[in-house]
């Protein structure tokens, strides 16, 4: 990277703790990190640097391309994810792209990220379609169920009888095609009905 005319390497860290310290001290435009670093892993480095210095673009350069690593890095704030076996030109291009404010994912990673995004979008759409079948009162009961309340607590909160709560819950489970309250609560959480 240092051989590129338009890239200045301002620091190199031996471990994650030093990477955080250097980022705080030097405030680089782009930080290149690895998931597997001594002392503090690259996910924690990414999360810390993005929280403290949001303007820093972060490229994760790693050998890991499993879904868990990819999604954790992106959730932590990485705007680039490149595999270490990528040609040098791709790594340089990634640094430049992140510096411009673009995001960049290795092609094999991008396909999986898009697939996961589509899966989540499809699930949310299916959940929304099911929720649209519920009455306003059933939505109120579902919100209470999703907060972990028992039938008696729900009845007291909504000023209805426990038997009415049980009937509403049965209707909710049927309409949402759920086997139990936990599944219904998960749908409510995915749809943002509870915090």
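Listed here are the residues, each with its yes/no results for (1) within 18 Å of residue 56 (Cβ to Cβ); (2) surrounded by fewer than 11 Cβ atoms within 10 Å (Cβ to Cβ).
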{"residue": "95", "(1), (2)": "yes, no"}
{"residue": "98", "(1), (2)": "yes, no"}
{"residue": "101", "(1), (2)": "yes, yes"}
{"residue": "121", "(1), (2)": "no, yes"}
Legend entry - Residue tally, condition under 26 Å from residue 119 (Cα atoms) and assigned to a helix (DSSP H, G or I), over region 43-88: 13
Inset, instruction - Show the residue pairs that are 6+ apart or on different chains and have beta-carbon atoms under 9 Å apart, the first residue being within region 107-129 and under 27 Å from residue 175 (Cβ atoms), the second being outside any helix (DSSP H, G or I) and at pLDDT 85 or above. - result: 124/191; 127/191; 128/191
Legend entry - Top-ranked residue of region 161-180 - restricted to ones that are touching a residue at least 12 places away in the same chain (Cβ under 8 Å) and surrounded by fewer than 18 Cβ atoms within 10 Å (Cβ to Cβ), ranked as farthest from residue 127 (Cα to Cα): 166
Inset, instruction - Would you check if residue 156 is at negative phi and without any contact (Cβ under 8 Å) to a residue 40 or more places away in the chain? - result: yes
Inset, instruction - Select, from 22, 26, the only residue that is within 21 Å of residue 84 (Cβ to Cβ), surrounded by fewer than 20 Cβ atoms within 10 Å (Cβ to Cβ), over 20 Å from the mean Cα position of the chain (by Cα) and assigned by TED's automatic domain parsing to the domain that holds residue 91. - result: 22
Inset, instruction - Could you grab me the full set of residues in region 12-27 that are in contact with a strand residue (DSSP E or B) (Cβ under 9 Å, 6 or more places away or on another chain) and assigned to a loop (DSSP other than H, G, I, E, B)? - result: 13
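The values are calculated or read from the model by the stated rules, or taken from the named source; none is laboratory data. Just so we're clear, the structure is a prediction, and the values are computed from it rather than from any experiment. Every residue, glycine among them, receives a Cβ derived from its backbone with ideal geometry; neighbour counts consider all protein chains shown.
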